[in-house]
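Report on the structure given below.
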Amino acid sequence: MTTEGGEPLSEVFRSAIPWDEWLSHTDNLEHALREARLTDVAVVRRDFVVSVSAADYVAMKGATVEGTLLRRILTIERWHQFTHEVPEAFRTGFGDVVEFTRDFLIGTGTKA
């Protein structure tokens with residue numbers, strides 16, 4: 001998606017959360033924990049299956065950093081259009097329920 005000023009939303013997101021991509025890699029998270037002087041560092045990746053209604057999925061996405069940034073950069077009219085058209089588009093494309101798998105990292109360590 002392109003924002004009102006032509007700047008891709010992904011660039012706006014990276015400027016708001018610059019470490020998100022780097023810390024999404026197991027070896028980088030482990031390195032960061034060791035740099036914080038933790039010992040017995042362990043990092044594991046897990047999957048979480050999410051199943052929600054199409055309307056709840058769109059509402060959930062609107063509450064994320066991307067949704068917040070999108071709301072800030074769109075005009076009021078375009079945000080209103082987005083919030084009314086996207087839920088219906090999701091219902092049409094995915095049915096009443098959207099199911100997806102979200103992966104995440106868990107990092108632990110012991111303070112030395």
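No lab work stands behind these numbers, since they all come straight from the coordinates. This structure is a prediction, so every number in the text was calculated from the model and none was measured.
A few points about this structure:
- Potential extension, Asp47-Ala112 segment - 0.36 nm per residue separation minus Cα distance: 20.4 nm
- Separation between Cα centres of region 11-41 and region 77-112, rounded to whole Å: 22 Å
- For the chain, the mean residue ellipticity at 222 nm estimated from helices alone is -15500 deg cm²/dmol, where every DSSP H run of n ≥ 4 contributes -39500 (n - 2.57) and the total is divided by all residues, rounded to the nearest 500.
- Straightening the chain between Ala55 and Glu99 buys 14.6 nm, computed as 0.36 nm per residue apart minus the Cα-Cα spacing.
- Scaled to the globular estimate 2.2 N^0.38 Å, the Cα spread of the chain, given as radius of gyration, is 1.36.
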